[in-house]
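Q: What follows is a structure written as C-alpha cells; I'll ask about it next.
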Amino acid sequence: MKILKFGGTSLGSIENLNKVKNILKNDYDQKIVVCSAMSGVTDELVSLSENIKLKNTEQIALQLYKLKEKHIDVIDNLVEEEEERRKIKKGVSKIINEISELSTMKYSEVLHSKIITRGEALLTHIFSSYLNLIGVSNELLSAEEFMWVDYIENPNLEKVSKKLNSVLVKKPNTKLYITQGFICRNNTGDIDNLRRGGSDYSATIIGAALGADEIQIWTDIDGVHNNDPRYVEDTFSIPCLSYNEASELAYFGAKVLHPQTVFPVIDKDIPIVLKNTFDTEALGTIISNKVISKGIKAISAKDNITAVKIKSSRGLMNYDFFNRIFEVFNKYQTSIDMVTTSEKSISLTVEDTDNLIEIQKELEIYAEVIIEPHNSIICVVGESIITDKKSHKLFDILNHISIKMISFGGSNNNISILVDTKDKTSALRILHSNLFLVQQEVVM
Ligand code: ADP
Ligand code: ASP
Ligand code: MG
C-alpha cells in the first residue's frame, strides 16, 4: 500500500488535474490518494468563516456564489457528457448548500473547522467522480469517518487503523482510494482541522496507521530545497534527508512540509518521498532514517516570533528563578522555541502569544520583562551540524546583520539564530552564499 498526497497547487486547474490523473493512471500499486482543496479555496473559506463571525451576510452570499462557480467551471471543463456533468454538479450544490446552512448558525470553533475543510470535500467529490467516469476506478473515502486526532500532536493511530481497515477489508480488490486531507475529528469527536497545510500530515497519519510501504507528497517543486526558494535564488533540491533533519526544517518554517508531517512515520520507518507534479522525472527528496551525509544541509526561517527577555529583579537563586519562569509558561501551555541564559537573566522565544499578557504579569512579580515582537528564527539544519567545520561561517553574518539570540548545541542537528524579521531575507541570502555557493575551503 502506498499513500500519495497532492497539494492545492497540483489540483489548482484543469491542466493540473489532468497531470495528477496521468500520474495515478501510470501507477498500478494499491494506493490511498489524499487531496487538499484547489489552490486558493481554503483561503476563501477562512475568509468566509471570518465573515460568519462578523455576520457580513452580503459578503457571505457573494463568497458562496464564487465558490460554487469556481467548482462548476471545473466540471464544465473536465466532463464532456451533459448528464454526467449534471450528476457531479448536484454533489457540488449539496456541499455548497451545507456551507450556506452552516453560515446561518452561531459561530464556534467547530463551525469554523466544518467550513474551512469543505474545500477538500468539493475537490475530492469532483475528482473521484471524474476519474470513475474515464475508467480510473476508485472509491471515495470520507476522512471524517476515520481520521481521529486527539489533539494536533497526537493522532490516534490505533483508531485510524481500525476504522480504515474495517472499510478496506470490505473492498479488497479496490486499487485506488481517494480521500480528503486536512479534516479530522478531535478527542471529543468534533470536526477539527490539522492546521494550514495539514494534508501532508493527513497522509503520514494514514501511512503510519496502515503500515504503508511509502508516502509520496506531490507538490509544485522538486523536493525539499536547501533554502527557502520564495526568498533566495539558486536554491537546489536535497536528494536525501533524515527524519531529524526534515522535522527540524518543517518545524522551523519550510512550507513544503507541514510541521508535524514526519512524526507519525519515524518509529515505523516509512519513507516519505517528495515529488514534483510538474516534473515527474525529477528525483525529489527521500526522507528516511538513513543518515547519508553529515554537516550543514539546509536553512529555513519561521516568522511571527516574539522574544521575551527576563531579568531577575529579586535575589532569587538561579535554579529557583529558572524554575519559576518555566512554571509560568507551563501553566499557560505556551511552547518555547529558543532559550539563552546568563546568571540572572533568561531570554526565550515564543510563537503563541495568546496568553503573553498574563504570562508577563506573572513574571513581573519577580523579574523585569521586555517583550520584543516581529522576529524570525533562522534555522540551519544538518545531522551533527555542530561539529561541522563550516559552522564558523554562520557567524560571518554578524558583519551585516544584528543577531538577537543564538542557540548552538541545543540539538546536534540544528543551530538557530534570532533576527528582526526585516533582516530575515538578507540573513537567508548571506547564509546561502556563505554556506552553499562559496568554493570549498582549502584544508591546511
Ligand atoms: P502544496 O500546495 O503542494 O501543499 P505548498 O505551497 O504547501 O504546496 O508547499 C510548496 C512550496 O513551499 C513551494 O512552492 C515553495 O515555494 C515553498 N517552500 C518553502 N521552503 C521550501 C523548501 N525548503 N523547499 C522547497 N519548497 C519550499
Ligand atoms: N487546504 C488546506 C490548506 O490550504 C490543507 C492543505 O493544503 O494541506 O491549508
Ligand atoms: Mg502544503
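Q: If I ask for residues that are within 15 Å of ligand 2 (Cβ to nearest atom) and of a type in the set (Phe, Trp, Tyr), which ones from segment 99-143 would you list?
A: Correct list: Phe127 only.
Q: Which condition from (1) touching a Phe, Trp or Tyr at 6+ places or on another chain (Cβ under 9 Å); (2) farther than 30 Å from Ala208 by Cβ is the one that Arg86 breaks?
A: The one condition Arg86 does not meet is (1).
Q: Go through segment 156-230 and tell me which strands (runs of 3 or more DSSP E), entirely inside it, have 3 or more residues that are within 16 Å of ligand 2 (Cβ to nearest atom), at pLDDT 95 or above and open to solvent by 10 Å² or more (accessible area, probe 1.4 Å).
A: Where strands (runs of 3 or more DSSP E) fall fully within segment 156-230 and carry at least 3 residues being within 16 Å of ligand 2 (Cβ to nearest atom), at pLDDT 95 or above and open to solvent by 10 Å² or more (accessible area, probe 1.4 Å), they are 191-193, 214-219.
Residues are listed down the side, and each one gets a yes or a no for (1) farther than 19 Å from Gly181 by Cβ; (2) modelled with pLDDT under 95; (3) buried (at least 17 other Cβ atoms within 10 Å of the Cβ):
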site: Glu101; (1), (2), (3): yes, no, no
site: Ser108; (1), (2), (3): yes, no, no
site: Arg118; (1), (2), (3): no, no, yes
site: Phe127; (1), (2), (3): no, no, yes
site: Gly135; (1), (2), (3): yes, yes, no
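Q: Restricting to segment 321-350, and then to whatever is assigned to a helix (DSSP H, G or I) and of a type in the set (A, V, I, L, M, F, W, C), can you tell me which residue is most open to solvent (accessible area, probe 1.4 Å)?
A: Kept after step one, since they are assigned to a helix (DSSP H, G or I), are these residues of segment 321-350: 321-331.
Of the ones still in play, those that are also of a type in the set (A, V, I, L, M, F, W, C) are 321-322, 325-326, 328-329.
Details: Phe321: 2, Phe322: 42, Ile325: 0, Phe326: 84, Val328: 9, Phe329: 4 Å².
For segment 321-350, the residue satisfying everything is Phe326.
Q: Given the criterion under 19 Å from Phe6 (Cβ atoms), of a type outside the set (D, E, K, R) and within 16 Å of ligand 3 (Cβ to nearest atom), identify the matching residue among Ser128, Ser199, Ser142, Ser137. Break it down stepwise before answering.
A: Values: Ser128 fails: within 16 Å of ligand 3 (Cβ to nearest atom); Ser142 fails: within 16 Å of ligand 3 (Cβ to nearest atom); Ser137 fails: within 16 Å of ligand 3 (Cβ to nearest atom).
After applying the criteria, what remains is Ser199.
Q: Kindly indicate whether any position in segment 234-243 is within 16 Å of ligand 3 (Cβ to nearest atom), touching a residue at least 40 places away in the same chain (Cβ under 8 Å) and under 29 Å from Val419 (Cα atoms).
A: Of the residues in segment 234-243, the ones within 16 Å of ligand 3 (Cβ to nearest atom) are none.
No.
Q: To continue, here is another question. Can you say whether Val273 is open to solvent by 10 Å² or more (accessible area, probe 1.4 Å), free of Cβ contacts under 8 Å to residues at least 60 places away in the same chain and either within 16 Å of Thr219 (Cβ to Cβ) or in a loop (DSSP other than H, G, I, E, B) (or both), as far as the supplied structure shows?
A: yes
Q: From the list Ile287, Ile305, exactly one residue is open to solvent by less than 20 Å² (accessible area, probe 1.4 Å), hydrophobic (A, V, I, L, M, F, W, C), in a strand (DSSP E or B) and within 16 Å of ligand 3 (Cβ to nearest atom). Which is it? Lay out the reasoning, then the answer.
A: Values: Ile305 fails: within 16 Å of ligand 3 (Cβ to nearest atom).
Checking each option against the conditions leaves just Ile287.
Q: Applying the selection to segment 151-197, what residues are touching a Gly at 6+ places or on another chain (Cβ under 7 Å) and not hydrophobic (A, V, I, L, M, F, W, C)? Working first, answer last.
A: So the first thing to find is which residues in segment 151-197 are touching a Gly at 6+ places or on another chain (Cβ under 7 Å), and the list is 181-182.
Across segment 151-197, the qualifying residue is only Gly181.
Q: Also: Please verify whether Thr353 is open to solvent by less than 50 Å² (accessible area, probe 1.4 Å) and modelled with pLDDT of 95 or more, treating the condition exactly as stated. Lay out the reasoning, then the answer.
A: Working: open to solvent by less than 50 Å² (accessible area, probe 1.4 Å): no; modelled with pLDDT of 95 or more: yes.
It is false that Thr353 is open to solvent by less than 50 Å² (accessible area, probe 1.4 Å) and modelled with pLDDT of 95 or more.
The values are calculated or read from the model by the stated rules, or taken from the named source; none is laboratory data. This one's a predicted model, so the numbers in the text were calculated from it and none came from an experiment. Neighbour counts run over all protein chains shown; Cβ positions are idealised from the backbone, glycine included. These area figures cover heavy atoms from the full protein model, side chains too; ligands, DNA and RNA do not enter into them. Shrake-Rupley method; radii C 1.70, N 1.55, O 1.52, S 1.80 Å.
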